[in-house]
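Let me begin by presenting the structure, written as structure tokens, before commenting on it.
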Amino acid sequence: MLISKEANLSDFESLLGYKFKNLTLLQSALTHPSFFREVPCPFPFQFHFQRLEFLGDSIFNVILSRQLFHLFPKSREGFLSKAHSILARGTFLVRMAKKLSVVQYLRTEPVKKVPDSVLEDTVEALMGSIFLDGGFNPVNACVLAWLGNIKPYVYRQIKSNNPKGQLQEKLGNQSKQLTYKLLQTQGPPHQGLFKIGLYLGEKLIAEAEGKSKKAAEEQAALLGLKHFECTEE
């Protein structure tokens, strides 16, 4: 079982890339509220990470938005929004937490496994604590270092969320024969259900429904990918 522990915070500061002037801020960022079920604290809400996580979430959004703005100077707002959503989601924050070995320094009640949601919150709390201790420039430098080279990751993730593009790439020259045809519409325009047929030439490959033509086409493309994968096997 994982137990609450006082770890060597100087080692953790090396992983973070930042030396704290006020160690209480670092300790608070690494302390889950449940820790105080085991250890009494006169003012528990001031000494765990929830308030810092609230602050860190906003700071992360600013840093991330600015970095994406500079990394993709020719991209439109829609692409930037997708990239931001990919990097701000919990799974990416958990990756950062594991990169920083957060679980080794986290103070919590005894548990078998720290939930991913706690790791996400802790990373954001660390951002808040560095901001309070040193200002924007230090936390900006730390977060950019933690992010690493995000360009390839963003491209891979956006590509994986684009089944129509994946299908075109998979079929190569044959993709010129792909068409998406509206087969049926049900319900009023604002609450309609659309059925789309995916064709390769004259051959129907897949049918799918969605609350919009775009959603139905993407679902049909997913089914198309599965169809051609099965054909290859």
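The values are calculated or read from the model by the stated rules, or taken from the named source; none is laboratory data. Quick caveat: nothing in here was measured; it's all calculated off a predicted structure. For neighbour counting, all protein chains shown are included, and Cβ atoms are generated from backbone atoms with ideal geometry for every residue, glycine included.
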Checklist outcome for this item: Among the residues of segment 161-190, the number that are out of contact with any Gly (no Cβ under 7 Å at 6 or more places or on another chain), surrounded by fewer than 15 Cβ atoms within 10 Å (Cβ to Cβ) and at pLDDT 85 or above is 7
Item to check | Candidate set: segment 102-140, residues that are among the small types (Gly, Ala, Ser) and over 20 Å from residue 33 (Cα atoms); chosen: the one surrounded by the most Cβ atoms within 10 Å (Cβ to Cβ) | outcome: 134
Item to check | Matching option when the condition is in the same structural domain as residue 227 (by TED's automatic domain parsing) and either farther than 30 Å from residue 230 by Cβ or in contact with a helix residue (DSSP H, G or I) (Cβ under 6 Å, 6 or more places away or on another chain) (or both), among 126, 167, 193 | outcome: 167
Checklist entry - Does residue 138 satisfy the criteria of being in contact (Cβ under 8 Å) with a residue 60 or more places away in the chain and closer than 17 Å to residue 206 by Cα? => result no
Checklist entry - Looking only at segment 70-82, which residues are closer than 15 Å to residue 149 by Cα and surrounded by 13 or more Cβ atoms within 10 Å (Cβ to Cβ)? => result 71, 72
Checklist entry - Any chance segment 142-160 includes a residue that's outside the structural domain of residue 75 (by TED's automatic domain parsing), modelled with pLDDT of 90 or more and outside any helix (DSSP H, G or I)? => result no
Item to check | Tally, over segment 73-86, of residues that are in a loop (DSSP other than H, G, I, E, B), modelled with pLDDT of 90 or more and within 16 Å of residue 161 (Cβ to Cβ) | outcome: 0
Checklist entry - Does segment 87-101 include one or more residues that are free of Cβ contacts under 8 Å to residues at least 60 places away in the same chain, part of a helix (DSSP H, G or I), hydroxyl-bearing (Ser, Thr, Tyr) and surrounded by 14 or more Cβ atoms within 10 Å (Cβ to Cβ)? => result no
Next on the checklist: When you check residue 204 against the structure, is it of a type in the set (A, V, I, L, M), out of contact with any strand residue (DSSP E or B) (no Cβ under 8 Å at 6 or more places or on another chain) and either free of Cβ contacts under 8 Å to residues at least 12 places away in the same chain or not in a strand (DSSP E or B) (or both), yes or no?
Outcome noted: no
